[in-house]
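In what follows, a structure is listed as structure tokens, so that the remarks can point back to it.
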């Protein structure tokens, strides 16, 4: 417990400094009372997480705190995004007599029950009757994904290829969890973020959470001390090991994994490309950018680094004079890369870059080759029990890790499922891109917000090519799709509502 107290002191100290320095920026996008309340809840739940001997005590405190905070919350999505990773995403089964558990309970699901569900209930009570019951193309595609998840049962990868048969109760549980984990999240974000101001506030709050995680990540890497793994070990999670690359510890903070942290910080950086246009202080803009990039570096996640670069170049290319801005951005990026490579950390970066023959890269190559062979043998709805054919890919941890979300979609649900997943988010991204192009002259600020959303989606689509579809990547997939739908549905009156309390400054490019 003494170690937990030391870790808590470090986390609270770093977070207090970041919150204090970020206050002027945050107050450009949210009311001071809302900011103070969200910050208080973050500190309180962080302290409870570090001091609780088990998850159930944390939940006992978190539930009334979340319900209290949500009662006065004008933008529940902002509260949700700030607290999305206030503790690591540990999943604790709800015990049931005669069974292994009803389903797992985690911080994600606490937020769904206590923040998203009340928000949807308020929305349904106060919504415009003219729009009641309307489902768009993205809603239909998401429901199709849910239907595939319920109809096609993928047994877990157990030793000796033990097959667990499906049952009506298990199918009903999958349907319930899809509605709770996925459809509720998408519906709440897409329907309650009904103005430019709320979308920008949600992005700013998520970026604030990323700034706190980035600062803690820098500490973890420089001190070789992972601050949140003690919570996982006390609560019975097996993910309590240190990951290293290039001789350095890979920071993971409360994201559950260094790759997941890299995904979160990349999307936060994509949001920051828009938010910085409302920050008057040039020093603040530079400091926040450096903080997010330093956090990304601390993860030692090459997929996130690539995703961040793609996000940056997409943001440049999607705007007016895209070709010239892209060329200028590429020159700047190359110059910065050259300076970094000749600096003292240049050798560390070179040691972490992929080279032919590395075990991880050989594994990914073999996984892709074998996996797509199985998909082509079962093209429509996939092979829900592919483990016997992939046994030679089992790793030292005793698992076959599908470190490619697209391959995972195709294996579990076939090309039909892969098409549904890709169509779902691409429809939203294309709608945002078209709307931002239309608004380039009439409303440059809203067009800039659209470019930021498009860049975040493209960056995430690149990153999930090298990660499993879980933890932060899965949540961001549906959050970004929902924000895209909310953006595309903005009416003319909602266009005119300011995104921030001050006028935007010209973007630096």
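Condition (residue is exposed (fewer than 13 other Cβ atoms within 10 Å of the Cβ), assigned to a helix (DSSP H, G or I) and free of Cβ contacts under 8 Å to residues at least 12 places away in the same chain) applied to region 104-121: is it met by at least one residue?
yes
Residue-wise test of (1) modelled with pLDDT of 90 or more; (2) within 21 Å of residue 405 (Cα to Cα); (3) more than 16 Å from the chain's Cα centre (by Cα).
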| position | (1), (2), (3) |
| --- | --- |
| 253 | yes, no, no |
| 269 | yes, no, no |
| 291 | yes, no, yes |
| 304 | yes, yes, no |
| 309 | yes, yes, yes |
| 312 | yes, no, yes |
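Of the numbered conditions (1) within 17 Å of the chain's Cα centre (by Cα); (2) touching a residue at least 60 places away in the same chain (Cβ under 8 Å); (3) surrounded by 23 or more Cβ atoms within 10 Å (Cβ to Cβ), residue 451 satisfies every one except a single condition; which is it?
Every listed condition holds for residue 451 apart from (1).
I need the full set of residues from region 68-103 which are assigned to a strand (DSSP E or B) and under 18 Å from residue 186 (Cα atoms), in order please.
Those that are assigned to a strand (DSSP E or B) and under 18 Å from residue 186 (Cα atoms): none in region 68-103.
Here is a check on your reading of the model: is residue 463 surrounded by fewer than 24 Cβ atoms within 10 Å (Cβ to Cβ), in the same structural domain as residue 181 (by TED's automatic domain parsing) and assigned to a helix (DSSP H, G or I)?
No, not satisfied.
For residue 130, work out the one condition from (1) assigned to a loop (DSSP other than H, G, I, E, B); (2) at pLDDT below 90 it doesn't fulfil.
With respect to (1) assigned to a loop (DSSP other than H, G, I, E, B); (2) at pLDDT below 90, residue 130 is out only on (1).
Only one of 237, 277, 233 is assigned to a loop (DSSP other than H, G, I, E, B) and surrounded by fewer than 24 Cβ atoms within 10 Å (Cβ to Cβ); which?
One residue alone meets the criteria, 237.
Only one of (1) in contact with a helix residue (DSSP H, G or I) (Cβ under 7 Å, 6 or more places away or on another chain); (2) farther than 14 Å from residue 215 by Cβ; (3) assigned to a loop (DSSP other than H, G, I, E, B) fails for residue 284. Which number is that?
Looking at each condition in turn, residue 284 falls short on (3).
Cβ-Cβ distance below 6 Å, separation of 6 or more or different chains: which pairs start in region 65-82 with a residue that is surrounded by 24 or more Cβ atoms within 10 Å (Cβ to Cβ) and end on one that is modelled with pLDDT under 95 and not in a helix (DSSP H, G or I)?
Here the result reads 77/193; 79/73, each pair linking region 65-82 to a residue that is modelled with pLDDT under 95 and not in a helix (DSSP H, G or I).
Quick one: would you say residue 296 is under 14 Å from residue 220 (Cβ atoms), surrounded by 18 or more Cβ atoms within 10 Å (Cβ to Cβ) and modelled with pLDDT of 95 or more?
no
For every residue, the table says whether it meets (1) under 26 Å from residue 31 (Cα atoms); (2) over 22 Å from the mean Cα position of the chain (by Cα); (3) at pLDDT 95 or above.
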site: 49; (1), (2), (3): no, no, no
site: 53; (1), (2), (3): no, yes, no
site: 72; (1), (2), (3): yes, yes, no
site: 78; (1), (2), (3): yes, no, yes
site: 83; (1), (2), (3): yes, no, yes
site: 87; (1), (2), (3): yes, no, no
site: 91; (1), (2), (3): no, no, no
site: 102; (1), (2), (3): no, yes, no
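The values are calculated or read from the model by the stated rules, or taken from the named source; none is laboratory data. What you see is a predicted model, and the numbers here were worked out from it, not measured in a lab. Because the Cβ atoms are built from the backbone with ideal geometry, glycine has one as well, and the counts that use them run over all protein chains shown.
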